[in-house]
Amino acid sequence: MTDTHTTKRPLALLGLGDMGTVLARTWLAADHPLTVWNRTAAKAEALAPEGARVAATPAEAVASAGLIVLCLLDDSTVGSVLEGLDLTGKDVVNLTTGTPAEGRARAAWAAERGARFVDAGIMGTPAMVGAPDGGAYVLYSGSLPLFEEHRATLEVPAAARFVGEDAGHAALYDVALLSAMYGLFGGISHAFALIEGEDVAPKELAPLLSEWLGAMGFFVGSTAERLTSRDFTSGVVSNLAMQVAASGTLLRTAADQGVSPELISPYLDLMRERLEADPAAHGGEDTAGALTLLHRRSR
Ligand code: NDP
């Protein structure tokens, strides 16, 4: 970055938990004029030697800069911290994790107060944020003019990806990615549980598991294509009928090993339900067809 100190615009950061503190340090290290506020003042004061200006109240922090960054526990904390403050003409960037509905409601709330607003989802841990090549990035959605104006500043701690002007979309992408992660964690946990008590060290399984999960990553792109075309049968190499039959092996092995199937059975049940609804129509499908059942369940 070629900015000099004088061209870097001041920002205020409210919330100095594990994530907020790392964010603050990356902006300070990059020589950005930064005002910080935190409920527990000691965390803010600890940053003063690194160049942070410490605000005594949220109002003082908000008044100090045009760009207001929030990294608080949750959306209700954002509401309570900013309650009654004058946000007229401010640019508010909310790095606090929330739901899509909360992102949209907070955007409307900010607009009513005369502020531009961008919601965000941090994809990374504090250790990844601010570390060179740490791999973290932040999803942003909402006001594109705000994002473009402050992009260079926002990219100091982590790469920035703007995913649309619907303020709910950053949270939607964030939750979609995290939900997929937990499904993956569930499968990995089941795999390790299967070998416990056998003469197999976890470190022997680990490289094979990593390699296999990488190879199965094709399912992301192929599912996206099938959902777009609504064609679940063309070019299928491992059809649903075969996979449902094979799933019995997974369940019997889990039973033999004394392992609960609870982490994998929901997906296997969904495949079976799709097949049993119409074996002739669905037996030749890819398993991606099974996910069409999910929406019906939640409505
Ligand atoms: P922490 O629990 O470490 O920090 C929470 C922050 O919220 C602190 O600044 C805390 O203040 C403040 N806070 C909590 N309750 C209140 C309240 N009632 N009034 C005022 N301030 C309050 O969380 P993180 O810093 O880890 O996370 C912050 C946000 O970042 C969350 O939305 C989280 O989901 C998100 N995030 C975190 C990741 C992580 O790995 N840590 C990864 C991706 C996103 P105080 O210091 O006084 O307690």
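The values are calculated or read from the model by the stated rules, or taken from the named source; none is laboratory data. Keep in mind that this is a model prediction, so the values were computed, not measured. Virtual Cβ from ideal backbone geometry, glycine too; neighbours counted across all protein chains shown. These area figures cover heavy atoms from the full protein model, side chains too; ligands, DNA and RNA do not enter into them. Shrake-Rupley method; radii C 1.70, N 1.55, O 1.52, S 1.80 Å.
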task = Please work out the average accessible area per residue across the stretch 194-289, using the 1.4 Å probe convention, and give it in Å².
result = 64 Å²
remark   = Within the stretch 54-196, the percent of DSSP beta bridges that are antiparallel, given to the nearest 5, stands at 35 percent
task = Rounded to the nearest 500, what is the 222 nm mean residue ellipticity of the chain from helices alone, with -39500 (n - 2.57) per DSSP H run of 4+ residues and division by all residues?
result = -15500 deg cm²/dmol
ask   = How much length is gained on full extension from residue 9 to residue 159, taking 0.36 nm per residue of separation minus their Cα-Cα distance?
value = 52.1 nm
message = So, for the stretch 4-166, what is the accessible surface per residue at a probe of 1.4 Å, expressed in square angstrom?
response = 43 Å²
inquiry  = For the full complex of protein chains and a 1.4 angstrom probe, list 109, 212 by accessible area with the highest value first.
reply    = 212, 109
remark   = Taking every DSSP bridge whose two residues both lie in the chain, the antiparallel percent to the nearest 5 is 20 percent
key: the stretch 173-298 - Kirkwood radius from inverse mean 1/r over Cα pairs (Å)   = 16.0 Å
note = Between the modelled labels at residue 166 and residue 108 (7 Å from Cα along Cα→Cβ) the distance in nm is 1.5 nm
query = For residue 125 and residue 277, what is the calculated FRET efficiency with R₀ set at 45 Å and r taken between the beta-carbons, to the nearest 0.05?
reply = 0.65
Calculated FRET efficiency for the pair residue 218/residue 149, C-beta based, R₀ 41 Å, to 0.05 = 0.60
query = Relative contact order, percent, of the chain when contacts are C-alpha pairs under 8 Å separated by at least 6 residues?
reply = 11 percent
inquiry  = What FRET efficiency comes out for residue 180 versus residue 29 if R0 is 22 angstrom and r is the Cβ-Cβ distance? Round to the nearest 0.05.
reply    = 0.10
query = Using 0.36 nm per residue, how much length does the chain from residue 201 to residue 59 gain when fully extended, once their Cα-Cα distance is taken away?
reply = 45.5 nm
key: Apportionment of accessible area to carbon and sulfur, the chain, percent (1.4 Å)   = 58 percent
key: Ordering of 32-44, 183-195 by packing [mean C-beta count within 10 Å, highest first]   = 32-44, 183-195
